[in-house]
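Comments concern the structure below.
The values are calculated or read from the model by the stated rules, or taken from the named source; none is laboratory data. The shown structure was predicted, so the numbers you read here are calculated from the model rather than taken from an experiment. Here the Cβ positions follow ideal geometry from the backbone for every residue, glycine too, while neighbour counts run over all protein chains shown. Calculation scope for accessible area: heavy atoms of the full protein, side chains included, ligands and nucleic acids excluded. Shrake-Rupley method; radii C 1.70, N 1.55, O 1.52, S 1.80 Å.
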Amino acid sequence: MGDDANHNASTDDENRLFQQEMAGVKPLRQHQAQTSGKSDIIPEFTKAMRRRSAATDYTPPTDGLSDTHIEPIEPEQSIECLKAGLQHSRFKQLKQGHFPVDYNLDLHGCTIEEARNLLTRFLAFCQDQHYSCVRVIHGKSHRSFGQQDTMKSYVNQWLRQINAVQAFCSCLSRDGGRGAVYVLLKTRR
């Protein structure tokens, strides 16, 4: 019993010392994060991609092409992009349809995932074949604009991200007009 009494006495002493040391100390309170009240504006295309990803067993592609923020392109809007390193005179020739089209890809009827896969494989094949100018037919998306993601919007975004592409622009009316693009490819060495 002597050990229990000594143990209780030392525990009581420790508790008193602890209480003395903690005198005047106030407990910490956890504050909730303050928000500005403004909600971030998330583009509709991004919301649609998030919904699709949550509803399916979506696995992000490994080709490096982004599909999280797609700028909506109107059906009759021209699209074009000139990347660094290409002369403006060559880009002007592309826009005027002066390059012969070596090969075509038609994405009508494809899902977004199918189109992404086809486009990357198509451009890699064309570059391997040393084609310099190809045409990608994406359609104008008159029926689906404003309601869902449009193929034209995705193609515009993806071509900007693909390293093999030097430039692209909407075709002349004889070659598909604003429903297709000429794509000028880098030559492989």
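General remarks:
- Solvent-accessible area, 1.4 Å probe, carbon plus sulfur percent, for region 65-140: 49
- When peptides 91-98, 79-86 are sorted by average Cβ neighbour count within 10 Å, with the highest value leading, the order is 91-98, 79-86.
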